[in-house]
Amino acid sequence: VTFNQVDNISRALESFVSQQVDFPVEVLVHDDCSSDGTREVVAEFAARYPNLVVPLLPNENQYSKGVNVLAKVRGLARGKYIALCEGDDFWSDPQKLSKQVAVLEAHPDVVMTGHKVIAVNASGEPQRYFKRLTLFGKRYHERNLTSDEMRSLEVVVPTCSRVIRNIPIELPPEAKQTMAGDAFLQVMLADHGSYKYLEN
């Protein structure tokens, strides 16, 4: 999902179409009526990769209408697994999807996989490792999590690192009142398995 992220969207989309996989992939891109040129970049990638990139370009801003855009897009995904990434993030490893899908295939008790996340500046230079500040202090997501640990939200796995099983999940009404829809999703996924962290 993206909105007014023209400075980042090309890098994100390039990282998706560059994935080296031996299974079919679809890239669902929802632009929420950007006014800065993001929409045009999405349309350009869809034209270049018509069998890969699926543009979702509504005529009205959906977020302002109370639509949970991430949940809407997730509901349209047809694959066995879903990889999440927003328009201002990108994947640096072209083997990301193949590695994470392999783990999910091998471990039916795992519902979500993730990996290390690094924050970068506008030039792409690393700034810091992602850390989650909680009531318990700074904790890394860089470890396996049980279902109970996922549910506790002591650790929230960064959205852009997640590959999850495509399980139909209806987020509760409370999810519409928060910016942390990814946290709600993590809690609900915990009913279906654990989290596996990939070191490489």
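Descriptive notes on the structure:
- Of the set (1) open to solvent by 50 Å² or more (accessible area, probe 1.4 Å); (2) under 24 Å from Glu105 (Cα atoms); (3) within 14 Å of the chain's Cα centre (by Cα), all apply to Asp88 but (2).
- Of the listed requirements (1) within 20 Å of Leu185 (Cα to Cα); (2) out of contact with any helix residue (DSSP H, G or I) (no Cβ under 7 Å at 6 or more places or on another chain), Val69 misses just one: (2).
- Complete set of residues in region 36-50 that are surrounded by 18 or more Cβ atoms within 10 Å (Cβ to Cβ) and of a type in the set (Phe, Trp, Tyr): Phe45
- Among all positions in region 106-126, there is no residue which is surrounded by 15 or more Cβ atoms within 10 Å (Cβ to Cβ), more than 14 Å from the chain's Cα centre (by Cα) and part of a loop (DSSP other than H, G, I, E, B).
- Tabulated pairs, region 17-40, first over 23 Å from Val69 (Cβ atoms), second open to solvent by less than 20 Å² (accessible area, probe 1.4 Å) and hydrophobic (A, V, I, L, M, F, W, C), C-beta under 6 angstrom, 6+ apart or interchain: Val21/Leu97
- When region 56-78 is filtered for residues that are under 16 Å from the mean Cα position of the chain (by Cα), open to solvent by 30 Å² or more (accessible area, probe 1.4 Å) and not hydrophobic (A, V, I, L, M, F, W, C), the ones remaining, listed by number, are Asn68, Lys72, Gly75, Arg78.
- Those residues of region 141-200 which are surrounded by 13 or more Cβ atoms within 10 Å (Cβ to Cβ), over 12 Å from Arg74 (Cβ atoms) and of a type in the set (Lys, Arg), in sequence order: Arg151, Lys176, Lys196
The values are calculated or read from the model by the stated rules, or taken from the named source; none is laboratory data. Treat the numbers as computed from the prediction; the structure is a model and nothing was measured. Glycine also receives a Cβ, built like all others from the backbone with ideal geometry; neighbour counts cover every protein chain displayed. For accessibility, only protein heavy atoms count, side chains too; no ligands or nucleic acids. Shrake-Rupley method; radii C 1.70, N 1.55, O 1.52, S 1.80 Å.
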